[in-house]
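The values are calculated or read from the model by the stated rules, or taken from the named source; none is laboratory data. Worth saying up front: this structure is predicted, and the values here are computed from it rather than measured. Cβ placement follows ideal geometry from the backbone for every residue including glycine, while neighbour counts extend to all protein chains displayed. Only protein heavy atoms, including side chains, enter the accessible area calculation; ligands, DNA and RNA are left aside. Shrake-Rupley method; radii C 1.70, N 1.55, O 1.52, S 1.80 Å.
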Amino acid sequence: MATIMSTDHIADAPPRLVVRKVDSEASMRWLNAGIKDFKAAMGASMAYGMVYVVIGLILAWMTWEQPLFISSLATGFLLIGPVVAVGFYCISRTLEQGGTPHFMQGIDGLRFNALGLASFALVLGVLMSIWAVLSSLSVALFFNNITFSGNLLDTLLGHPNFMSFALVWALTGGAVAAVAFAISAVSVPLITDKRVDFMTAMITSVKAVMKNPGVMLSWAFILATLTFLGFIFFFVGLAIALPIAGHASWHAYRDLVAEE
(Lines give C-alpha, C1' and ligand atoms only; values in the text may rest on other atoms or scores of the structure.)
Protein backbone atom coordinates (compact mmCIF):
# COMPACT_ATOMS: atom_id res chain seq x y z
CA MET A 1 0.00 0.00 0.00
CA ALA A 2 1.36 3.39 -0.92
CA THR A 3 2.09 5.77 1.94
CA ILE A 4 0.49 9.18 1.64
CA MET A 5 2.70 11.81 3.27
CA SER A 6 1.27 15.03 4.61
CA THR A 7 2.85 18.22 3.29
CA ASP A 8 1.86 20.29 6.32
CA HIS A 9 5.21 19.75 8.00
CA ILE A 10 6.97 20.85 4.81
CA ALA A 11 5.07 24.14 4.76
CA ASP A 12 6.00 24.75 8.40
CA ALA A 13 9.66 23.77 7.97
CA PRO A 14 12.15 26.60 8.64
CA PRO A 15 13.80 28.07 5.55
CA ARG A 16 17.26 26.86 4.52
CA LEU A 17 19.43 29.96 4.53
CA VAL A 18 22.60 30.73 2.59
CA VAL A 19 25.05 33.50 3.50
CA ARG A 20 26.54 35.28 0.52
CA LYS A 21 29.97 36.78 -0.04
CA VAL A 22 29.51 40.41 -1.13
CA ASP A 23 31.79 42.83 -2.95
CA SER A 24 33.86 45.54 -1.28
CA GLU A 25 31.47 48.31 -2.34
CA ALA A 26 28.46 46.68 -0.68
CA SER A 27 28.32 48.88 2.43
CA MET A 28 28.08 52.09 0.39
CA ARG A 29 25.49 50.45 -1.85
CA TRP A 30 23.39 49.63 1.22
CA LEU A 31 23.72 53.18 2.51
CA ASN A 32 22.62 54.67 -0.82
CA ALA A 33 19.68 52.27 -0.98
CA GLY A 34 18.70 53.31 2.55
CA ILE A 35 18.77 56.98 1.60
CA LYS A 36 16.64 56.20 -1.46
CA ASP A 37 14.04 54.38 0.67
CA PHE A 38 13.99 57.22 3.18
CA LYS A 39 13.23 59.71 0.41
CA ALA A 40 10.56 57.42 -1.06
CA ALA A 41 8.74 57.02 2.28
CA MET A 42 9.82 60.11 4.18
CA GLY A 43 6.53 60.61 6.01
CA ALA A 44 6.27 57.14 7.53
CA SER A 45 10.02 56.92 8.13
CA MET A 46 10.23 60.22 9.99
CA ALA A 47 7.12 59.33 12.00
CA TYR A 48 8.93 56.28 13.36
CA GLY A 49 12.11 58.30 13.78
CA MET A 50 10.35 60.96 15.84
CA VAL A 51 9.02 58.31 18.23
CA TYR A 52 12.59 57.38 19.10
CA VAL A 53 13.64 61.03 19.24
CA VAL A 54 11.01 61.71 21.90
CA ILE A 55 12.10 58.64 23.88
CA GLY A 56 15.74 59.72 23.59
CA LEU A 57 14.96 63.27 24.74
CA ILE A 58 13.08 61.99 27.77
CA LEU A 59 15.95 59.68 28.75
CA ALA A 60 18.51 62.44 28.18
CA TRP A 61 16.49 64.83 30.36
CA MET A 62 16.38 62.24 33.13
CA THR A 63 20.18 61.80 33.03
CA TRP A 64 21.20 65.35 32.11
CA GLU A 65 23.20 65.85 35.31
CA GLN A 66 25.13 62.61 34.68
CA PRO A 67 27.09 62.92 31.39
CA LEU A 68 28.49 59.41 31.79
CA PHE A 69 24.97 58.04 31.70
CA ILE A 70 24.24 60.05 28.56
CA SER A 71 27.24 58.46 26.84
CA SER A 72 26.04 55.04 28.01
CA LEU A 73 22.63 55.91 26.59
CA ALA A 74 24.22 56.59 23.20
CA THR A 75 25.92 53.20 23.31
CA GLY A 76 22.62 51.62 24.30
CA PHE A 77 21.01 53.03 21.16
CA LEU A 78 23.64 51.21 19.11
CA LEU A 79 22.87 47.95 20.92
CA ILE A 80 19.08 48.02 20.61
CA GLY A 81 19.00 49.78 17.23
CA PRO A 82 18.21 46.63 15.20
CA VAL A 83 15.07 45.94 17.26
CA VAL A 84 13.67 49.48 17.19
CA ALA A 85 14.19 49.56 13.40
CA VAL A 86 11.49 46.93 12.65
CA GLY A 87 9.22 49.58 11.14
CA PHE A 88 11.94 50.68 8.74
CA TYR A 89 12.53 47.09 7.60
CA CYS A 90 8.82 46.70 6.86
CA ILE A 91 8.76 49.94 4.88
CA SER A 92 11.76 48.89 2.79
CA ARG A 93 10.25 45.47 2.13
CA THR A 94 7.00 47.10 0.96
CA LEU A 95 8.89 49.45 -1.36
CA GLU A 96 10.87 46.48 -2.69
CA GLN A 97 7.61 44.72 -3.51
CA GLY A 98 6.21 47.79 -5.24
CA GLY A 99 3.66 48.60 -2.54
CA THR A 100 2.82 51.78 -0.65
CA PRO A 101 4.25 51.83 2.89
CA HIS A 102 2.30 53.12 5.88
CA PHE A 103 2.90 53.56 9.60
CA MET A 104 1.00 50.50 10.81
CA GLN A 105 3.25 48.11 8.91
CA GLY A 106 5.71 48.33 11.77
CA ILE A 107 3.06 46.93 14.12
CA ASP A 108 2.43 44.09 11.69
CA GLY A 109 6.16 43.45 11.61
CA LEU A 110 6.26 43.12 15.40
CA ARG A 111 3.43 40.58 15.29
CA PHE A 112 4.76 38.48 12.39
CA ASN A 113 7.39 36.62 14.42
CA ALA A 114 6.74 37.97 17.88
CA LEU A 115 8.37 35.11 19.79
CA GLY A 116 11.60 35.26 17.78
CA LEU A 117 11.75 39.04 18.04
CA ALA A 118 11.02 39.07 21.79
CA SER A 119 13.65 36.39 22.41
CA PHE A 120 16.27 38.31 20.49
CA ALA A 121 15.33 41.55 22.24
CA LEU A 122 15.89 39.73 25.53
CA VAL A 123 19.40 38.77 24.40
CA LEU A 124 20.17 42.40 23.57
CA GLY A 125 18.67 43.41 26.92
CA VAL A 126 21.13 41.09 28.68
CA LEU A 127 23.98 42.66 26.71
CA MET A 128 22.80 46.14 27.71
CA SER A 129 22.68 45.03 31.35
CA ILE A 130 26.23 43.69 31.09
CA TRP A 131 27.36 46.97 29.58
CA ALA A 132 25.63 48.95 32.34
CA VAL A 133 27.40 46.88 35.01
CA LEU A 134 30.79 47.20 33.30
CA SER A 135 30.31 50.94 32.86
CA SER A 136 29.39 51.38 36.52
CA LEU A 137 32.36 49.27 37.62
CA SER A 138 34.67 51.42 35.51
CA VAL A 139 33.39 54.57 37.18
CA ALA A 140 33.71 53.03 40.65
CA LEU A 141 37.24 51.77 39.90
CA PHE A 142 38.72 55.04 38.69
CA PHE A 143 36.62 57.63 40.57
CA ASN A 144 36.13 55.90 43.91
CA ASN A 145 37.01 58.83 46.19
CA ILE A 146 36.20 61.71 43.86
CA THR A 147 34.53 64.81 45.30
CA PHE A 148 32.28 66.60 42.83
CA SER A 149 32.22 70.38 42.92
CA GLY A 150 30.61 72.54 40.29
CA ASN A 151 30.23 71.00 36.85
CA LEU A 152 30.43 67.19 36.85
CA LEU A 153 32.00 66.93 33.42
CA ASP A 154 34.74 69.46 34.28
CA THR A 155 35.47 67.55 37.47
CA LEU A 156 35.84 64.27 35.58
CA LEU A 157 37.99 65.77 32.83
CA GLY A 158 40.31 67.29 35.41
CA HIS A 159 40.73 64.06 37.36
CA PRO A 160 44.15 62.34 36.97
CA ASN A 161 42.45 58.98 36.31
CA PHE A 162 40.27 60.26 33.51
CA MET A 163 42.44 59.04 30.59
CA SER A 164 42.79 55.57 32.11
CA PHE A 165 39.07 55.47 32.71
CA ALA A 166 38.30 56.60 29.14
CA LEU A 167 40.55 53.88 27.72
CA VAL A 168 39.02 51.08 29.81
CA TRP A 169 35.50 52.39 29.22
CA ALA A 170 36.03 52.54 25.45
CA LEU A 171 37.58 49.05 25.29
CA THR A 172 34.82 47.39 27.32
CA GLY A 173 32.10 49.27 25.44
CA GLY A 174 33.71 48.38 22.14
CA ALA A 175 33.85 44.70 23.06
CA VAL A 176 30.16 44.63 24.02
CA ALA A 177 29.23 46.58 20.89
CA ALA A 178 31.24 44.17 18.70
CA VAL A 179 29.38 41.18 20.12
CA ALA A 180 26.05 42.97 19.69
CA PHE A 181 26.84 43.87 16.09
CA ALA A 182 27.97 40.34 15.20
CA ILE A 183 24.76 38.73 16.45
CA SER A 184 22.42 41.45 15.18
CA ALA A 185 23.79 42.56 11.80
CA VAL A 186 21.03 40.72 9.92
CA SER A 187 19.10 39.05 12.76
CA VAL A 188 16.08 41.31 13.13
CA PRO A 189 15.47 41.87 9.39
CA LEU A 190 15.64 38.08 9.03
CA ILE A 191 13.23 37.51 11.94
CA THR A 192 10.92 40.17 10.49
CA ASP A 193 11.03 38.59 7.03
CA LYS A 194 10.96 34.84 7.76
CA ARG A 195 9.71 32.62 10.55
CA VAL A 196 13.05 31.67 12.06
CA ASP A 197 13.96 31.34 15.73
CA PHE A 198 16.32 33.80 17.35
CA MET A 199 19.21 31.33 17.56
CA THR A 200 19.07 30.66 13.81
CA ALA A 201 18.97 34.41 13.20
CA MET A 202 21.99 35.07 15.43
CA ILE A 203 24.04 32.22 13.93
CA THR A 204 23.22 33.47 10.42
CA SER A 205 24.27 36.98 11.42
CA VAL A 206 27.60 35.80 12.84
CA LYS A 207 28.21 33.78 9.65
CA ALA A 208 27.54 36.88 7.54
CA VAL A 209 30.05 38.90 9.58
CA MET A 210 32.68 36.16 9.46
CA LYS A 211 32.26 35.64 5.72
CA ASN A 212 32.53 39.38 4.98
CA PRO A 213 34.78 40.81 7.73
CA GLY A 214 36.08 43.84 5.84
CA VAL A 215 32.70 44.89 4.47
CA MET A 216 30.96 44.36 7.81
CA LEU A 217 33.63 46.39 9.62
CA SER A 218 33.01 49.30 7.27
CA TRP A 219 29.27 48.78 7.69
CA ALA A 220 29.57 48.93 11.49
CA PHE A 221 31.54 52.17 11.12
CA ILE A 222 28.81 53.66 8.89
CA LEU A 223 26.07 52.73 11.37
CA ALA A 224 28.06 54.15 14.29
CA THR A 225 28.68 57.37 12.33
CA LEU A 226 24.99 57.77 11.51
CA THR A 227 24.09 57.32 15.18
CA PHE A 228 26.79 59.77 16.27
CA LEU A 229 25.55 62.38 13.79
CA GLY A 230 22.05 61.87 15.11
CA PHE A 231 23.19 62.51 18.68
CA ILE A 232 25.34 65.59 18.07
CA PHE A 233 22.26 67.34 16.71
CA PHE A 234 20.59 66.87 20.10
CA PHE A 235 18.66 63.73 19.18
CA VAL A 236 16.64 65.49 16.47
CA GLY A 237 19.12 64.19 13.90
CA LEU A 238 18.07 60.68 14.89
CA ALA A 239 14.76 61.30 13.10
CA ILE A 240 16.79 61.14 9.89
CA ALA A 241 19.78 58.99 10.89
CA LEU A 242 17.77 56.11 12.37
CA PRO A 243 15.46 55.68 9.35
CA ILE A 244 18.39 55.73 6.93
CA ALA A 245 20.29 53.19 9.03
CA GLY A 246 17.19 51.00 9.33
CA HIS A 247 16.38 51.05 5.63
CA ALA A 248 20.02 50.43 4.72
CA SER A 249 20.17 47.49 7.14
CA TRP A 250 17.29 45.87 5.29
CA HIS A 251 19.24 46.05 2.05
CA ALA A 252 22.30 44.65 3.82
CA TYR A 253 20.22 41.68 4.95
CA ARG A 254 18.79 41.14 1.46
CA ASP A 255 22.29 41.23 -0.03
CA LEU A 256 23.88 38.95 2.57
CA VAL A 257 21.21 36.28 3.17
CA ALA A 258 19.30 34.20 0.64
CA GLU A 259 16.91 31.26 0.96
CA GLU A 260 18.22 28.05 -0.55
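Descriptive notes on the structure:
- Meets criteria (over 22 Å from CYS90 (Cα atoms), in contact (Cβ under 8 Å) with a residue 12 or more places away in the chain and either of a type in the set (Ser, Thr, Tyr) or open to solvent by less than 10 Å² (accessible area, probe 1.4 Å) (or both)) for SER187: no
- For LEU256, the test of being open to solvent by less than 10 Å² (accessible area, probe 1.4 Å) and touching a strand residue (DSSP E or B) at 6+ places or on another chain (Cβ under 9 Å) is passed.
- Selection count, the range 72-118, where residues are within 15 Å of the chain's Cα centre (by Cα), at pLDDT 85 or above and farther than 16 Å from HIS251 by Cα: 2
- Of all residues making up the range 211-253, the number that are farther than 21 Å from TYR52 by Cα, open to solvent by 20 Å² or more (accessible area, probe 1.4 Å) and in contact (Cβ under 8 Å) with a residue 24 or more places away in the chain: 4
- Residues in the range 135-171 that are open to solvent by 50 Å² or more (accessible area, probe 1.4 Å) and small (Gly, Ala, Ser) were compared, and the one that is modelled with the highest pLDDT is ALA170.
- Residues of the range 99-114 satisfying the condition of being β-branched (Val, Ile, Thr) and in a helix (DSSP H, G or I): ILE107
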